[in-house]
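Each remark here refers to the structure printed beneath this line.
Derivation of every value follows stated rules applied to the coordinates shown; laboratory data play no part. These numbers come from a predicted model, not from an experiment. Counting neighbours? That spans all protein chains shown, and the Cβs are built from the backbone with ideal geometry, glycine included.
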Amino acid sequence: MSEAPATGTILRLPVGATAPFHVYVNGAEQSEGDDYAVEPGQLRFARPLLAGRREGMWKKLVMSTAGIGFYGRGDSIDVHHAAGVATGLRVESE
């Protein structure tokens, strides 16, 4: 018996993050129920999200010196919750 490949994404929430949640992916607000589900300690997205990777300071410096905007790779995910705002959260494939 083989399982279908996973297509969603799990986003681990920081300790103490409590509802209500306002979630933004690349600046666009996401809807609970349509785009993600709230589970204990995490949010489960129906679609795959790409985890950003840290770019080196040298690359950022060269790009900004050349007058070129710098945009990291991956999706930018922000979670506003009752205790504050969380960014740079851990993303896992389902």
Sorting His81, His22 on the 10 Å Cβ count, fewest up front, what's the list?
His22, His81
Simple spin-label model, 7 Å along Cα-to-Cβ: Ser76 to Glu29 in nm?
1.8
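Based on other C-beta atoms within 10 Å, arrange Leu50, Leu43, Leu89 from fewest to most.
Placing the least packed residue first, the sequence is Leu50, Leu89, Leu43.
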Would you mind ranking Val23, Val85 so that the residue whose beta carbon has the fewest other beta carbons within 10 Å leads the list?
Val85, Val23
